[in-house]
Amino acid sequence: MDSFSWLYGKPSCQGQIKVLPEHFVVKENLGFDFTGTGEHFMVKIRKTGENTKYVVNELAKACGVKSRDVSWAGLKDRHAITEQWLSVHLPGKSDPDLTQFVADHPGVEVLETARHDKKLRPGDLAGNWFQLRLTELDMPQDVITRLEQIKLQGVPNYFGEQRFGHNGNNVAKARSWGNDEFRVRDKSKRSFYLSAARSWLFNMVLSSRIEQGKERTLLAGDSLLQHGDERGVIAEPATAELQMQVDKGTMAITAPMMGDNALPTTADAEAFEMGIVEQEPLLLKLICDNRMRHERRSLLLKPQQMEWLLEDNELTVSFALPAGCFATAVVRELMIERELEDGDHANFDQ
């Protein structure tokens, strides 16, 4: 991630995050209510230090079903305290007793259960609320200054390093796959590598716009998203009126999640984006070979409900983010995570 530009310059402060699971709290917001009836048994869990897929497998055993019958809206960090809903497909069956499941897994609590007429699918959530504790800060006042900037202007909407695997391994594997060095049959690995490829290209375009001071400045032919409308608007031409809407936050400049179809951008914006993504021909080939559909993602991200408290050299900060956005994108603008002796960062989740 160090190759990508910072919006407010590289932070001066060093510190730690996720020293303990309770230093990283995530609460899922689905954004909809359950019907109260249906063949899907909904379970809200709080897990500490556990991987979502491990809990899914164990819950499946407790409910007497296969792992594929348990689904989720989003994977959650392992080294953290996280709350999320899981759905279990139990047609014609009564609600199972989860007492023994909880007793056998001290890192998992069952908070609520309900019934619903649809299964949860990845992405079926409005967003997440985070509470993070940053410790051992050597320049805490620099972090406060940055928090005030972020509350007003947001952060780059980067995909976080967990998307790319340990030391960027998913991107390296994606390049090798794109170069026909091996085949990937495992569905989960295919998904990891393809997601990493598209996310890396997005981050490259976003970083280049920041580097050139164009993250808030319209280019001719830019693709814009308006809040509540996913159809998009092309800036042809890049008028002062459209720029005013970008400045006010009613429209957002986007960058590509590459696919095998043509970019919607035109003119200067298309040339800019293609000039960046063509630097990674193997990733582009992989995406086209797998017929991924092109999508757009906002360049900038503005956290909501932002609050913080500084106590000596430790800071507790909370905020809400939409689905698909990374808390690490916020932390990255606040501090540099102090490396461990082996050169790795603490508690990397993958």
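The values are calculated or read from the model by the stated rules, or taken from the named source; none is laboratory data. Model, not experiment: these values are computed from the prediction. Glycine gets a Cβ as well: all are built from the backbone with ideal geometry, and neighbour counts include every protein chain shown. Quick note on the areas: whole protein, heavy atoms, side chains included, nothing else; ligands and nucleic acids left out. Shrake-Rupley method; radii C 1.70, N 1.55, O 1.52, S 1.80 Å.
What residue among 187, 173, 151 shows peak mean-square fluctuation when the chain is described by a Gaussian network model with Cα springs under 10 Å?
Looking only at 187, 173, 151, the biggest GNM fluctuation is shown by 187.
Match the structure shown to one of the listed values [x] 1.19; [y] 1.05; [z] 0.98 of Cα Rg over 2.2 N^0.38 Å, computed from it, and give that label.
[y]
Specify which residue in the list 184, 309, 321 is farthest towards the positive end of the charge dipole of the chain, using unit charges on the beta carbon of Lys, Arg (+1) and Asp, Glu (-1), about the Cα centre.
It is 184, whose Cα lies furthest towards the positive end.
Send over a whole-number figure in Å² for the accessible area per residue of the stretch 127-272, probe 1.4 Å.
Numbers: 7070 Å² over 146 residues.
Result: 48 Å² per residue.
Does the stretch 80-149 come out rounded, prolate or oblate, given a ≥ b ≥ c as the square roots of the eigenvalues of its C-alpha gyration tensor, rounded meaning a/c under 1.5 and, failing that, prolate meaning a/b above b/c?
Oblate shape, in that a/c is at least 1.5 and b/c is the bigger or equal ratio.
Efficiency by 1/(1 + (r/R0)^6): what FRET value for residue 100 and residue 233, r their Cβ-Cβ distance, R0 = 51 Å, to the nearest 0.05?
0.40
As a test of the formula, what do you get for the chain when each DSSP H run with n ≥ 4 contributes -39,500 (n - 2.57) and the sum is divided by the residue count, at 222 nm and rounded to the nearest 500 deg cm²/dmol?
-9000 deg cm²/dmol, from helical runs alone.
If a/c stays under 1.5 just call it rounded; otherwise compare a/b with b/c (prolate if a/b is bigger, oblate if not). Do that for the stretch 129-242, with a ≥ b ≥ c from the square roots of the Cα gyration tensor eigenvalues. Display every interim value, and only then the final one.
On the way: a/c = 2.25, a/b = 1.17, b/c = 1.92.
Oblate, since a/c reaches 1.5 and b/c is not below a/b.
With angles folded into 0 to 90 degrees, how steeply does helix 169-178 sit against the dominant principal axis of the chain? Use alpha carbons for both and round to 10.
So the helix axis and the longest Cα principal axis differ by about 70 degrees.
Using a Förster distance of 25 Å, how high is the FRET efficiency between residue 152 and residue 226, based on the Cβ-Cβ distance and rounded to 0.05? Write out the running numbers ahead of the final one.
On the way: r = 21 Å, r/R0 = 0.85.
The calculated FRET efficiency here is 0.75.
Measure out, as a whole number of angstrom, how far apart the alpha-carbon centroids of the stretch 51-76 and the stretch 101-127 sit.
9 Å
Kindly list the residues of the stretch 134-160 that lie in the label zone of residue 20, defined by a backbone N under 18 Å from the point 7 Å along the Cα-to-C-beta vector.
The answer is 134-137, whose backbone nitrogens lie closer than 18 Å to the label point.
For a test of the definition: using alpha carbon positions, the gyration tensor, and the 1.5 limit on a/c, classify the stretch 230-350 as rounded, prolate or oblate. Write out the running numbers ahead of the final one.
Numbers: a/c = 2.60, a/b = 1.40, b/c = 1.86.
Taking the square roots of the gyration eigenvalues as a ≥ b ≥ c, the stretch 230-350 is oblate.
Where the accessible area of the chain is counted over protein heavy atoms with a 1.4 Å probe, how much of it, in %, is carbon and sulfur?
47 percent
Have a look at 174, 73, 271 and tell me which one the Gaussian network model of the chain (Cα, springs below 10 Å) gives the largest fluctuation.
271
Kirkwood hydrodynamic radius (Cα pairs, Å) of the stretch 33-77?
Hydrodynamic radius (Kirkwood, Cα only) of the stretch 33-77 equals 11.6 Å.
Under a crude label model (7 Å from the Cα following the beta-carbon direction), how far is residue 212 from residue 93 in nanometres?
According to this spin-label approximation, the distance is 5.6 nm.
Give, to the nearest whole percent, the P(r) tail of the stretch 159-298 beyond 28 angstrom, counting all Cα pairs.
Percent of Cα pairs beyond 28 Å in the stretch 159-298: 21.
Work out the FRET efficiency for residue 111 and residue 278 from their Cβ-Cβ distance, taking R0 = 41 Å, and round it to the nearest 0.05.
My answer for the efficiency is 0.30.
Among 214, 93, 76, which one shows the highest mean-square fluctuation when the chain is modelled as a Gaussian network with alpha-carbon springs under 10 Å?
Between 214, 93, 76, it is 93 that shows the largest mean-square fluctuation.
For the stretch 40-159, count all C-alpha to C-alpha pairs, find those more than 18 Å apart, and express that count as a whole percent of the total.
Values: 4184 of 7140 pairs.
Summing the P(r) tail past 18 Å for the stretch 40-159 gives 59 percent.
Which value, in Å², gives the accessible area per residue of the stretch 32-116 when a 1.4 Å probe is used on the protein heavy atoms?
48 Å²
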